[in-house]
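**Student:** Attaching a single structure in structure tokens format; questions to follow.
The values are calculated or read from the model by the stated rules, or taken from the named source; none is laboratory data. Here the structure is a predicted model, which is why all the values come from computation and not from measurement. Virtual Cβ from ideal backbone geometry, glycine too; neighbours counted across all protein chains shown. Please note that ligands, DNA and RNA were not included when accessible areas were found on the heavy atoms of the full protein model with its side chains. Shrake-Rupley method; radii C 1.70, N 1.55, O 1.52, S 1.80 Å.
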Amino acid sequence: MAKRTKIPEKIKSYLFEEAGMKCANPGCNNYRTHIHHIKEWSVYQTHDSEHMIAVCPSCHDEIHYGKLTIDDETVYLWKNIKREKSNRDHLYIEPSYTSKLLLGSISVTGDNGVKVFELTNNTKLTYRIEDEDIFLMNLSISNQNGKEVLKVIENHVKYIVDDKINFERRPGRFKITTNRIIDFIPIWSMPIIHKMQPNYKIVDGVLTLTDVEVLKPGLVKVEGLWARNDVVIIITNDSLNFIKPGYSKPLSLIGEGENSVLKWSGKIDSSMFRFN
Ligand SMILES: [Zn+2]
Ligand SMILES: [Zn+2]
């Protein structure tokens, strides 16, 4: 058996892209991948990209040793999937009979979830509970022209691919930032937002549009900025802030952490915070 040589970087990056920058298994959302030679190395002994695929370490183990067979035919099927440039993700939230969204230092809850606010059709924050313990996040963020840059539908994340939008992720967390602050924050609100200092800083001109993190089963922390022409809502690491024209400073809700709870007992389709 020939000594295995290193896979050329060019082939690796081709295969990563072919798999949509994730595991090529369409049923897997792991993002860290490495390369599997589909036909055994002993047969080919070459790095032929036609017979190689990017899969995550778990799926790779399954291919070689799994009980539920992943045969070469299946792997070639995965390889032949035509994928767009990746702009999808999925947030897994471990189920729990208690559910809360932590907004800064205060959390919100409701028996079947909470519609926290809905400024417009594509500027909103909601979660709902299905079958008592399944936590489904829904949120949208748009720029000032009403163009949606991020949408989460029941834990499925879609975002636009744009050089002004930066997407980062790890299992249980994703974060979207932008360097185009002016596209997202109405001018009138700037002096009011400035009063949020020193706790709110737009570091080096980079604005956090959303930062969602699963902290515990049924507990999700959300930071971000949602704006309409007459309302801005900013959730920072420690406060939930409402800003309207004429305010001298933001109206801020500050609690003591996840155990400071606002419980919604209204209808699931009406908002906890309304602005008319
Ligand atoms: Zn392999
Ligand atoms: Zn996988």
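**Student:** Apply the Karplus parameterisation 6.51 cos²θ - 1.76 cosθ + 1.60, with θ equal to phi minus 60°, to every residue of region 141-153 and state each ³J(HN,Hα) to the nearest whole Hz, in sequence, with x for glycine and proline.
**Tutor:** So the J values, rounded to whole Hz, are 9, 10, 8, 5, 8, x, 7, 6, 9, 8, 9, 10, 10.
**Student:** Next up: Putting +1 on Lys and Arg Cβ atoms and -1 on Asp and Glu Cβ atoms, find which of Ser140, Val152, Leu225 reaches farthest to the positive end of the dipole of the chain.
**Tutor:** Leu225
**Student:** Then there is this: In Å², and per residue, what accessible area does the chain have when probed at 1.4 Å with the other protein chains present?
**Tutor:** Values: 15130 Å² over 276 residues.
In whole numbers, the chain has 55 Å² accessible per residue.
**Student:** To the nearest 10 degrees, how steep is helix 9-18 against the longest Cα principal axis of the chain, on a 0 to 90 scale?
**Tutor:** 60 degrees
**Student:** Still on this structure, please answer the following. Under the rule of -39500 (n - 2.57) per DSSP H run of 4 or more residues, summed and divided by the residues of the chain, what mean residue ellipticity at 222 nm is obtained, to the nearest 500 deg cm²/dmol?
**Tutor:** -3500 deg cm²/dmol
**Student:** Where does the charge balance sit around Met272 when Lys and Arg score +1, Asp and Glu -1, over other residues with C-beta under 12 Å from its C-beta? If you can, show how the numbers build up before the last one.
**Tutor:** Numbers: positive: Lys115, Lys124, Lys263, Lys267, Arg274; negative: Glu118, Asp269.
Here the count lands on +3.
**Student:** As an exercise, use a Förster radius of 35 Å and the Cβ-Cβ distance of Asn121 and Arg32 to find the FRET efficiency, rounded to the nearest 0.05.
**Tutor:** Numbers: r = 35 Å, r/R0 = 1.01.
The computed FRET efficiency comes out at 0.50.
**Student:** Post the alpha-carbon centroid distance, region 233-272 to region 146-198, in whole angstrom.
**Tutor:** Centre-to-centre distance over Cα atoms comes out at 18 Å.
**Student:** Taking a ≥ b ≥ c as the square roots of the eigenvalues of the Cα gyration tensor of region 6-63, is the shape rounded (a/c under 1.5), prolate (a/b larger than b/c) or oblate?
**Tutor:** Working: a/c = 2.21, a/b = 1.37, b/c = 1.62.
In terms of gyration-tensor shape, oblate.
**Student:** Carbon-plus-sulfur fraction of the accessible area of the chain, 1.4 Å probe, in percent?
**Tutor:** Working: 7570 of 15130 Å².
The nonpolar share, carbon plus sulfur, comes to 50 percent.
**Student:** With springs connecting C-alpha atoms under 10 Å apart, model the chain as a Gaussian network and identify which of Ser105, Ser252, Ser58 has the largest mean-square fluctuation.
**Tutor:** Of the options given, Ser58 has the highest mean-square fluctuation.
**Student:** Still on this structure: Could you give the longest part of the chain that holds none of the GluC sites (Glu not before Pro) found in DSSP loops with at most 12 neighbouring Cβ atoms within 10 Å? Before the final figure, lay out each step's value.
**Tutor:** On the way: sites that count: Glu40, Glu84, Glu132, Glu256.
Here the longest run is 133-255.
**Student:** Work out the FRET efficiency for Ile160 and Thr74 from their Cβ-Cβ distance, taking R0 = 22 Å, and round it to the nearest 0.05.
**Tutor:** Working: r = 32 Å, r/R0 = 1.46.
Efficiency, rounded to the nearest 0.05: 0.10.
**Student:** Okay, moving on. Just to be sure I follow: if Rg is taken over the C-alpha atoms of region 54-104 and Rh is the Kirkwood radius over the same atoms, what is Rg/Rh?
**Tutor:** On the way: Rg = 17.0 Å, Rh = 14.6 Å.
Here the Rg-to-Rh quotient is 1.16.
**Student:** Another one. Name the residue from Ser107, Ile193, Ile129 whose Cα lies farthest towards the positive end of the charge dipole of the chain, charges +1 on Cβ of Lys and Arg and -1 on Cβ of Asp and Glu.
**Tutor:** Ile193
**Student:** Starting from the 7 Å offset along Cα-to-Cβ, what nm value, one decimal, do you get for the label separation of Lys244 and Lys10?
**Tutor:** 6.2 nm
**Student:** For Arg180 paired with Glu84, estimate the spin-label separation in nm (one decimal), with each label point 7 Å from Cα along the Cα-to-Cβ line.
**Tutor:** 1.8 nm
**Student:** Express in % the proportion of alpha carbon pairs of the chain at distances exceeding 36 Å. Intermediate results must be reported in sequence, preceding the final value.
**Tutor:** Numbers: 10762 of 37950 pairs.
When all Cα pairs of the chain are counted, 28 percent exceed 36 Å.
**Student:** About the Cα centre, and with charges only on the beta carbon of Lys, Arg (+1) and Asp, Glu (-1), how big is the dipole of region 90-264? Nearest 20 debye, please. Each step should come with its number before you reach the end.
**Tutor:** Numbers: 21 positive and 21 negative charges, 104 e Å.
In total the dipole reaches around 500 debye.
**Student:** Give, rounded to the nearest 20 debye, the magnitude of the charge dipole that region 1-149 has about its Cα centre when Lys and Arg contribute +1 at Cβ and Asp and Glu contribute -1 at Cβ. Present the calculation step by step, with values, prior to reporting the outcome.
**Tutor:** Working: 19 positive and 21 negative charges, 138 e Å.
Using Cβ point charges on Lys, Arg, Asp and Glu, region 1-149 gives about 660 debye.
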